[in-house]
Amino acid sequence: MTQKSSLYELQRPARYTGGERGSVAKDWAQVDVTFALAFPDVYEIGMSHIGSAILYRVLNDTPWIAAERSYTPWPDREAQLRSDGRLLSSLESGRNLADFDIIGFSLQYELCYSNVLTMLDLSGLPMRASERGEEAPLIIVGGPCAFNPEPLADFFDCAVIGDGEEVVLELCAAVRTSKAAGENRAALLKRLAAIEGMYVPSFFSVIYQPDGRITEIAPKDLQQPKVRRRVLADLDSAPYPEQPIVPFLQTVHDRVAVEVARGCTRGCRFCQAGYIYRPVRERQPDTIRNLIDQLLRHSGHDEVSLLSLSTGDYSAIEILMQNIMGCYADQQVAISLPSLRVGSLTPALMDEIKKVRKTGFTLAPEAGSERLRQVINKGILEEDLIESARTAFELGWRVIKLYFMIGLPTETDEDLAALVDLSARVKAAGRSTQGGADVNVSVSTFVPKAHTPFQWDAQIGIDETLARKNNLRGSLKKKKLRLKWHEAELSFLEGVFARGDRRLGNVLEEAVKRGCRFDGWRDHFRWDLWQEAFAAVDLDPSWYLRQRLPEEVLPWDHIDAGVTKEFLLRERQAGLLGKATPDCRNGECSYCGLCDFETVRPRLADSSRLEPPVVEPEAELVEPLLLPKVRLTITKLDRTASLSHLEYMTLIHRAVRRAGLPIRYSKGFHPAPRISFGDALPLGVASEAELIDLELTTPCQPQDTMDKLNQELPEGVRVLKAELWPRKGEAPANSILAATFKVPLPEDTDEKLVDRLKDFLAQETVITTRSKKNRTSELDLRPWVLDLQREDNVLCMKMHSGSPLFLAAYLLERDIELVRALGIHKTAVELKDTETNVD
């Protein structure tokens, strides 16, 4: 079975097809360096990661570099690759990852580490760097987990510490020079280690004490005892993907994303991102507006997400929101603010937020009591939080999600009781509002992270986590509040690797060999296998959750995040005393040690660079003209045959938006484009005669509509014909009298097929059974069929209704999945009053 055909057996084959709009496939003969951006999670997660999109743009904008993508295959695809003896490949060229010069993994979460090793294994590469030969790709890692990469140190060659936009090009230039000079791997690594922000683990030796603590992290080069984090000084001038890759299928964050700021100086003592991404660097509001214009134009999305660690703290947020909402109010574009802080919710901002689709509202007090919030430097007053919740309910939100952590340093039973009381008060704040109010309480276990003031503190274990969550669940239930929680075992393992050392590499390798994959996914996490792996290498995982002494050598001490250890110790002491540290963006410097106040310094947005939109006086509402529809005959060929009907509809919707067609929208709170589709095709069935109706608000010539759409459609989808259709004419599904399907016949098709076709047509009823969702039912196939013919090696089926896939499987007496792989084509439709034939 071919690779293309086998994809149809998978849960979501569009994960593996590539060819999305905005993707770049270069000729390898014309480039010097090839770079595989490997994301250690499933496609839908990786395609939502803006950091990978930025690097894809940076690398491919360089003529001599070809960057391609690869994601961890879902277990069904992994099993298929192993069964067929095939290697993991990239989406753009389909080349094996082992053929690339560089494979770069983005480490966003500790529980993705097993996927990194799985991808190396599926690429035919040894997991351990020491076992890979001179011809193997250079394996690099980056992302927030690279600030303590030690559990993975035996498996990668080098790591990018910090911002990647500049250093990734310096890395590629070093590889290019090394290739031209014919250097060996050792010489290349020495060249890379000289680049600021590049960490080569083999250049450091770790010496352990008998009890497992570290005696020393010894650099082989005494002139470079630490690896300094790389900082992108000016975010506003940094490259950004204005023409994003537009996925065929729905991703986790299925919208345009604009990074409005990087870094946060609020100083929450538990938050690693707040320390490793300092200082605050904001894009200018006019830059953001221009990016949004380009991203909407090139993507066809109808939602924009403004990303940062705390979008509400963005200096020009009010004027930016006013401008965006004013400019896109009539284009059915929604604005999403995923990271809002209670202290940043001003009345003016809330007034703009109320115009956004109200899908959910999240507040993160983190701790229930005022005392504990002081410990973690979360400067939220309870009354401010209650007032923000009341305002959200009054503006129309019906559900508020409260996010807390348990196990924070110094936490007591009184703090947990305060969590319950605060949640109940938030719910009470919405009782008098129209439509009612509900509150969901979400709780996770605090995991101490490297380079934070709490990096020395203990993490509570599984038993204590469960005891506290059971206590909370009972108390919240009495208040009629729902509790959602993160599994104790997942948090436990995350904590082990977050502050782990190189000895965990043996555990990780053992766990992967036993079958651990997708550990961050609840349905795939195998705690029993992890326990077996720890036992096999005789390592106690709970040892890593212990409290550390201030003088202890930590596994990541040779990684310089820019923030000094002295500052972190001062912050930890301030937390224990309940003292607040103010935000330094507009106030007094807290002397964290990062800024040089020349190049590296806070860079804030200037509100004056963006004017509020000119609001025209509201004109009297006039109903758009009721125009004839535009009927399209359109294809669904090649890789798009692997799309579900919903995915195909989304593809068309986005193409219509990109084409700028004046589409009519339905009325109501969630307006939808008035685009009508025919009946869904089975997965894997291609078509040269799909019918789609567009309802427009202004006249548009059919030929112009066809030309504009064809400029925006991906390969495999093309408008073949456009014509006016009566406004009250039959919808596509109801106007079809018959459809013709052609099925390529397998070589071993017997000669009795013609007799079976004649016998089928001679019957008044053809009863068979079909199983669906573990239920079996009888089905009469005869009413589906108008005619059946064998033409050489093709089965032609003219059908009035029903599934061509099921019918062909019945006629050929073969399994439905084998028939799906044959490549069935819908070649023509016969309308009730005319015929559209593309043969």
With criteria (1) touching an Asp or Glu at 6+ places or on another chain (Cβ under 7 Å); (2) modelled with pLDDT of 95 or more; (3) within 30 Å of Arg631 (Cβ to Cβ), Phe741 comes up short on (1)
Based on what the data block shows, is His253 more than 29 Å from Val231 (Cβ to Cβ) and either of a type outside the set (A, V, I, L, M) or open to solvent by 10 Å² or more (accessible area, probe 1.4 Å) (or both)?
no
Ala733 meets each of (1) small (Gly, Ala, Ser); (2) more than 30 Å from Glu9 (Cα to Cα); (3) part of a helix (DSSP H, G or I) with one exception, condition (2)
Selection over region 186-200 where residues are in contact with a strand residue (DSSP E or B) (Cβ under 8 Å, 6 or more places away or on another chain) and either within 12 Å of Cys158 (Cβ to Cβ) or polar (S, T, N, Q) (or both) yields a count of 8
Exactly one of Arg756, Arg770, Arg727 is of a type in the set (Lys, Arg), touching a residue at least 12 places away in the same chain (Cβ under 8 Å), part of a strand (DSSP E or B) and open to solvent by 20 Å² or more (accessible area, probe 1.4 Å), and that residue is Arg770
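Considering Pro244, Pro239, which residue is under 27 Å from Ala174 (Cα atoms), at pLDDT 95 or above and either open to solvent by 10 Å² or more (accessible area, probe 1.4 Å) or not in a loop (DSSP other than H, G, I, E, B) (or both)?
Selected residue: Pro239, the only one of Pro244, Pro239 that is under 27 Å from Ala174 (Cα atoms), at pLDDT 95 or above and either open to solvent by 10 Å² or more (accessible area, probe 1.4 Å) or not in a loop (DSSP other than H, G, I, E, B) (or both).
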Note to self: Looking at the structure I just gave you, is Thr445 closer than 19 Å to Leu576 by Cβ and buried (at least 19 other Cβ atoms within 10 Å of the Cβ)?
What the structure shows: no
Checked region 269-290 for anything open to solvent by less than 10 Å² (accessible area, probe 1.4 Å) and either more than 30 Å from Leu568 (Cβ to Cβ) or touching a Pro at 6+ places or on another chain (Cβ under 8 Å) (or both); matches are Arg269, Ile276, Pro279, Val280, Arg281, Pro285, Ile288
Review point. Right, Asp519: of a type in the set (Asp, Glu) and touching a Leu at 6+ places or on another chain (Cβ under 8 Å) or not?
Key: yes
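Would you say Pro541 is surrounded by 14 or more Cβ atoms within 10 Å (Cβ to Cβ), over 30 Å from Glu282 (Cβ atoms) and either modelled with pLDDT of 95 or more or not hydroxyl-bearing (Ser, Thr, Tyr) (or both)?
Numbers: surrounded by 14 or more Cβ atoms within 10 Å (Cβ to Cβ): yes; over 30 Å from Glu282 (Cβ atoms): yes; either modelled with pLDDT of 95 or more or not hydroxyl-bearing (Ser, Thr, Tyr) (or both): yes.
For Pro541, the condition - surrounded by 14 or more Cβ atoms within 10 Å (Cβ to Cβ), over 30 Å from Glu282 (Cβ atoms) and either modelled with pLDDT of 95 or more or not hydroxyl-bearing (Ser, Thr, Tyr) (or both) - is met.
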When Arg398 is run through (1) surrounded by fewer than 22 Cβ atoms within 10 Å (Cβ to Cβ); (2) at pLDDT 95 or above; (3) touching a strand residue (DSSP E or B) at 6+ places or on another chain (Cβ under 9 Å), the failure sits at (2)
Residue hits (region 142-167; among the β-branched types (Val, Ile, Thr) and open to solvent by less than 10 Å² (accessible area, probe 1.4 Å)) are Ile161, Val167
Within region 256-268, restricting to residues that are in a loop (DSSP other than H, G, I, E, B) and more than 21 Å from Phe597 (Cβ to Cβ), the one that is least open to solvent (accessible area, probe 1.4 Å) is Val260
Flagged pairs (Cβ under 7 angstrom, 6 or more apart or on separate chains; first in region 535-555, in contact (Cβ under 8 Å) with a residue 40 or more places away in the chain; second of a type in the set (Asp, Glu) and not in a helix (DSSP H, G or I)) are Gln547/Asp457; Val553/Glu216; Pro555/Asp501
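Is it true that Ser5 is in a helix (DSSP H, G or I), at pLDDT below 95 and of a type in the set (Gly, Ala, Ser)?
yes
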Check your understanding: For Lys708, are the conditions met, namely being touching a Leu at 6+ places or on another chain (Cβ under 9 Å), open to solvent by 60 Å² or more (accessible area, probe 1.4 Å) and either under 30 Å from Pro662 (Cβ atoms) or outside any helix (DSSP H, G or I) (or both)?
Key -> yes
Those residues of region 448-474 that are open to solvent by less than 40 Å² (accessible area, probe 1.4 Å) and touching a helix residue (DSSP H, G or I) at 6+ places or on another chain (Cβ under 9 Å) come to a total of 17
Criterion first (touching a Gly at 6+ places or on another chain (Cβ under 7 Å) and basic (Lys, Arg)) does Arg654 satisfy it? yes
Practice task
Tell me, yes or no, whether region 490-497 has at least one residue that is at pLDDT 95 or above, open to solvent by 10 Å² or more (accessible area, probe 1.4 Å), under 29 Å from Val116 (Cβ atoms) and in a helix (DSSP H, G or I).
Solution key: yes
Note on region 127-172: residues within 21 Å of Ala53 (Cα to Cα) and of a type in the set (D, E, K, R) are Asp163, Glu165, Glu166, Glu170
Residue set Leu481, Leu408, Leu466; condition within 26 Å of Gly578 (Cβ to Cβ) and under 32 Å from the mean Cα position of the chain (by Cα); output residue Leu408
Inside region 553-567, the number of residues satisfying the requirement of being in a loop (DSSP other than H, G, I, E, B) and open to solvent by less than 20 Å² (accessible area, probe 1.4 Å) is 7
Checked against (1) outside any strand (DSSP E or B); (2) touching a Lys or Arg at 6+ places or on another chain (Cβ under 8 Å); (3) modelled with pLDDT of 95 or more, Leu761 satisfies every condition except (2)
Among Ser205, Ser178, the single one that is within 30 Å of Pro241 (Cα to Cα) and without any contact (Cβ under 8 Å) to a residue 60 or more places away in the chain is Ser178
For region 597-613, pairs from a residue that is free of Cβ contacts under 8 Å to residues at least 24 places away in the same chain to a residue that is assigned to a loop (DSSP other than H, G, I, E, B) and loosely packed, with under 14 Cβ neighbours inside 10 Å, with Cβ under 9 Å and 6 or more apart or across chains, are Phe597/Cys589
Log entry, pairs with first residue in region 683-697 being over 20 Å from Met799 (Cβ atoms) and open to solvent by 10 Å² or more (accessible area, probe 1.4 Å), second being in a strand (DSSP E or B) and of a type in the set (Gly, Ala, Ser), beta carbons closer than 9 Å, six or more apart or on different chains, reads Glu695/Ser676
For region 201-236 the number of residues that are open to solvent by less than 50 Å² (accessible area, probe 1.4 Å), more than 17 Å from Arg503 (Cα to Cα) and not in a loop (DSSP other than H, G, I, E, B) is 3
Log entry, pairs with first residue in region 804-824 being more than 13 Å from Thr769 (Cα to Cα), second being assigned to a loop (DSSP other than H, G, I, E, B) and small (Gly, Ala, Ser), beta carbons closer than 6 Å, six or more apart or on different chains, reads Arg820/Gly684
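The values are calculated or read from the model by the stated rules, or taken from the named source; none is laboratory data. Because the structure is predicted, anything quoted here is derived from the model rather than measured. Don't worry about glycine lacking a Cβ; one is built from the backbone with ideal geometry, like all the others, and counts go over all protein chains shown. With ligands, DNA and RNA removed, areas are computed over all heavy atoms of the protein, side chains included. Shrake-Rupley method; radii C 1.70, N 1.55, O 1.52, S 1.80 Å.
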